[in-house]
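S.K.: Structure below; questions to follow.
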Amino acid sequence: MDEIILRVQKNFESIKQTSGELEFWSARDLMPMLGYIKWQKFTEAINRAKEACRSSGQKIEDHFTGAGKPITGGKGAVQIAQDVLLTRYACYLIAQNGDPRKPEIALAQTYFATQTRKQEIMEIREKEDKRLYARSKLKDTENKIESTVYKRGINLPVEFATFKNKHIEALYGGIKAIDLKKKRGVPKGRSLADFDTHVELRAKDFALAMTDHNIKEKNLRGKEQMTEEVIKNSRATRKTLLSRGIRPENLKAEEDIKKIETRRRKERKLFAQKKLFNK
């Protein structure tokens, strides 16, 4: 099946046309690939695809464009036949709305389903990568500011915990970290940040990085001055989020970062084993 799908992909890509960064397909070229002989029958599938496009909230003209295609007759005479230029999405819709009795349609549907799933997986991994990087960067910033405040008047772990809680309260509109954990179902003893969205991780990192910078630049000392500084910067960050329509306390918890890290380690281990086996 994989070889067949690869052949469908090769054939589909072979009729692709490009203009700069734009890619498109001729409906006339696509027609025989999907098992159609008569243009009239194929236009029925195109029309169903257009309706599906409209129903999905897309503009038909963005994906289906009328055109003419030169066709050479039996005596060498060239006629301009009706054609439609299609985007990749339009080709997908035509396959989905084609005659399911045709084996070519079934193969095209399988191919597009495979491609769609690949794209979904890529998007999920990209989202995970962003969160993993942002979480790692936040840890570095937290370590830096922890070192900074311990040298300037915060001496006990409980005092640093209070400092961080003030940061959370200011960023989340007065909600305490413990209450936010309950709201999001974060397990006891786990860090709230391990369940944060990407934008929350970046916001926390920004607020704490500004605080670390200002503590050093202003030579702030003592719990009161440093706590006041982190509150100011966290409130300023919250204000920016709100101005862009993001209310952080209303965001939903994401998948546990620890689970993603474990999954990635297993993937790397499996990949290493396969690589070793294939040598």
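S.K.: Cβ-Cβ below 6 Å, separation at least six or inter-chain, first residue in segment 159-174 and small (Gly, Ala, Ser), second crowded, with 20+ Cβ neighbours inside 10 Å: which pairs?
M.R.: 170/234
S.K.: To continue, here is another question. Assess whether residue 202 counts as being in the same structural domain as residue 243 (by TED's automatic domain parsing) and either assigned to a loop (DSSP other than H, G, I, E, B) or touching a Pro at 6+ places or on another chain (Cβ under 8 Å) (or both).
M.R.: no
S.K.: In this structure, is residue 128 at pLDDT below 90 and of a type in the set (Asp, Glu)?
M.R.: Considered against the rule, which asks whether it is at pLDDT below 90 and of a type in the set (Asp, Glu), residue 128 comes out as no.
S.K.: Scan segment 117-132 and report the pairs whose first residue is assigned by TED's automatic domain parsing to the domain that holds residue 264 and whose second residue is modelled with pLDDT of 85 or more and assigned to a helix (DSSP H, G or I), with Cβ atoms within less than 6 Å and a gap of 6+ or a chain change.
M.R.: Close Cβ pairs (under 6 Å, with a partner that is modelled with pLDDT of 85 or more and assigned to a helix (DSSP H, G or I)) amount to 128/260; 130/198; 131/198.
S.K.: On to the next question. So how many residues does segment 168-187 have that are in a loop (DSSP other than H, G, I, E, B) and under 16 Å from residue 138 (Cβ atoms)?
M.R.: Here the count works out to 2.
S.K.: Consider residue 190 carefully, then state whether it is under 18 Å from residue 143 (Cα atoms) and outside any helix (DSSP H, G or I).
M.R.: So residue 190 fits the description; yes.
S.K.: Across segment 193-221, which residue is surrounded by the most Cβ atoms within 10 Å (Cβ to Cβ) among those that are out of contact with any helix residue (DSSP H, G or I) (no Cβ under 8 Å at 6 or more places or on another chain) and more than 17 Å from residue 140 (Cα to Cα)?
M.R.: By that ranking, first place goes to 221.
S.K.: Do you know which of the residues in segment 38-80 that are within 11 Å of residue 90 (Cα to Cα) and touching a strand residue (DSSP E or B) at 6+ places or on another chain (Cβ under 9 Å) is modelled with the lowest pLDDT?
M.R.: 65
S.K.: Between 111, 89, which is within 30 Å of residue 49 (Cβ to Cβ), in the same structural domain as residue 46 (by TED's automatic domain parsing) and not basic (Lys, Arg)?
M.R.: The conditions single out 89.
The values are calculated or read from the model by the stated rules, or taken from the named source; none is laboratory data. Being a predicted model, the structure only gives us computed values, none of them experimental. Using ideal geometry, Cβ is built from the backbone for each residue, glycine included, and neighbour counts are taken over all protein chains shown.
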